[in-house]
Amino acid sequence: MSGDKKRIPIKEKMWITKSNGEARLLGSRCPACGELFFPIKDSGICVHCQHEGLETVELGPFGRIVSYTAAMQPPAGGYYHGPVPYSFGLVDLDDGVRVETHLGGEFEKLKVGMRAQLAIETLYTDEQGNEVQAYCFLPVEE
Ligand SMILES: [Zn+2]
C-alpha cells in the first residue's frame, strides 16, 4: 500500500470542486441560442442551432427529481464497481438541463418532485487504494 491515496473521478470533466468544497457539474452552453448540455459536448457543436464553439459552464447544485428507479445490477460497461442495488434517476437542474444521476439517500423516501442537491460520493476504493468518486444527488428538505 502506498501512502498516496488519491481521489479520482470515475470520468473526467464531469464536475469540479470549488475552493469552498462545493461541487458543480460541468456542462456546455451555446452562446448563440442559450441551450445547455450535460455532460460537456466534446464536439463543441450545438445540436439545437448547429453553432460551433460551445462554452463550458458550471451547473447546479440544485434540481428536482423527475423520475427514479432502483438498479438491481451494475450498468453495462464494466466501469461501475459501487454498491448494488442503487438508486438512479433524472434530475432537472434549476439551470434548465436534465441530468442522469445516481441518487443518494434511502430509496423508500425518494419521491418525484423532491428537491435534490449535488454531492460527490466515493463509489469504491481501487486496487491502488484510490477513492474513485462520482457525482450523485441527495434529496433535500424544501
Ligand atoms: Zn445553439
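Where a number appears in this text, it was derived from the coordinates with a stated rule and is not lab data. Computed from a predicted structure; not experimentally measured. Cβ placement follows ideal geometry from the backbone for every residue including glycine, while neighbour counts extend to all protein chains displayed.
Any chance you could count how many residues in region 47-86 are assigned to a strand (DSSP E or B), under 26 Å from Lys18 (Cα atoms) and away from the ligand (no atom under 16 Å from the Cβ)?
Within region 47-86, the first condition is being assigned to a strand (DSSP E or B), and the residues that meet it are 52, 55-59, 62-71, 86.
Filter once more, keeping what is under 26 Å from Lys18 (Cα atoms): 55-59, 62-65.
Pick out the ones that are also away from the ligand (no atom under 16 Å from the Cβ) and you get 58-59, 62-65.
Total satisfying the criteria: 6.
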Taking Pro139, is it touching a residue at least 60 places away in the same chain (Cβ under 8 Å) and touching a helix residue (DSSP H, G or I) at 6+ places or on another chain (Cβ under 9 Å)?
yes
So which residues in region 96-107 are surrounded by 15 or more Cβ atoms within 10 Å (Cβ to Cβ) and either touching a His at 6+ places or on another chain (Cβ under 7 Å) or free of Cβ contacts under 8 Å to residues at least 60 places away in the same chain (or both), if there are any at all?
Thr101, His102, Leu103, Gly104, Gly105
Matching residues in region 28-46 - criterion: being part of a loop (DSSP other than H, G, I, E, B), surrounded by 15 or more Cβ atoms within 10 Å (Cβ to Cβ) and near the ligand (Cβ under 10 Å from one of its atoms)
Cys30, Glu35, Cys46
Yes/no for Gly53 being exposed (fewer than 15 other Cβ atoms within 10 Å of the Cβ) and not acidic (Asp, Glu)
yes
Being in a loop (DSSP other than H, G, I, E, B), farther than 14 Å from Gly60 by Cβ and hydrophobic (A, V, I, L, M, F, W, C), is that true of even one residue in region 114-127?
yes
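Tell me the residue from Lys5, Lys41, Lys13, Lys18 that is within 29 Å of Asn130 (Cβ to Cβ), of a type in the set (Lys, Arg) and more than 17 Å from the chain's Cα centre (by Cα), please.
Being within 29 Å of Asn130 (Cβ to Cβ), of a type in the set (Lys, Arg) and more than 17 Å from the chain's Cα centre (by Cα) holds for just one of Lys5, Lys41, Lys13, Lys18, which is Lys5.
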